[in-house]
């Protein structure tokens with residue numbers, strides 16, 4: 001399965017509680033923090049909900 005690298009690039013201040021919880025479940029707490037996840041449909045759905053707060057790159 002493909003892997004994606006998700007990096008938090010913007011703050012979650014003044015965002016909805018749902019978006020804050022999604023960032024927390026992705027493991028992103030601080031700006032600049034990066035996590036690698038499998039590109040499963042559930043992870044891709046979460047990333048699409050907070051796409052304005054994160055950057056995504058494909059990895060091998």
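Taking every C-alpha pair closer than 8 Å and separated by at least 6 residues, the mean separation divided by the residue count of the chain gives a relative contact order of 57 percent.
Of the options (1) 12.4; (2) 11.4; (3) 13.7, only one is Kirkwood radius over Cα pairs in Å as computed from these coordinates, and that is (2).
Rounded to the nearest 500, the 222 nm mean residue ellipticity of the chain from helices alone is -8500 deg cm²/dmol, with -39,500 (n - 2.57) taken per DSSP H run of at least 4 residues.
Bear in mind these aren't lab numbers, they're just calculated from the coordinates by the rules spelled out. Being a predicted model, the structure only gives us computed values, none of them experimental.
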